[in-house]
Amino acid sequence: MRRLAGLALVAIGLLLSGCSSDYVMATKDGRMIMTEGKPTIDPETGLVQYTDRSGHVMQINGDEVSTMIER
């Protein structure tokens, strides 16, 4: 019974971890920014907010981003 419960917890964890997609943002100056989760765009300021691979919340001017691709 414990083994079945453990397997169920592992399966649920894998399903939930698959729900958040990482993205790659390419900037106009050629940088590639890897993000954790989907970046958000503030329509008032034009800033793109994202979480980098280290877990830090960062912002970049939306005019500097040329492409945003889901990984």
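For (1) surrounded by fewer than 11 Cβ atoms within 10 Å (Cβ to Cβ); (2) at pLDDT 90 or above; (3) among the aromatic types (Phe, Trp, Tyr), each residue gets a yes or a no:
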{"residue": "LEU9", "(1), (2), (3)": "yes, no, no"}
{"residue": "LYS38", "(1), (2), (3)": "no, yes, no"}
{"residue": "ASP52", "(1), (2), (3)": "no, yes, no"}
{"residue": "VAL57", "(1), (2), (3)": "yes, yes, no"}
{"residue": "ILE60", "(1), (2), (3)": "no, yes, no"}
{"residue": "SER66", "(1), (2), (3)": "no, yes, no"}
{"residue": "ILE69", "(1), (2), (3)": "yes, yes, no"}
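Exactly one residue out of GLY46, GLY62 is out of contact with any helix residue (DSSP H, G or I) (no Cβ under 9 Å at 6 or more places or on another chain) and among the small types (Gly, Ala, Ser): that is GLY62.
The values are calculated or read from the model by the stated rules, or taken from the named source; none is laboratory data. For clarity, every value in this text was computed on a predicted model and none was experimentally measured. All Cβ positions, even for glycine, are placed from backbone atoms using ideal geometry, and neighbour counts span all protein chains on display.
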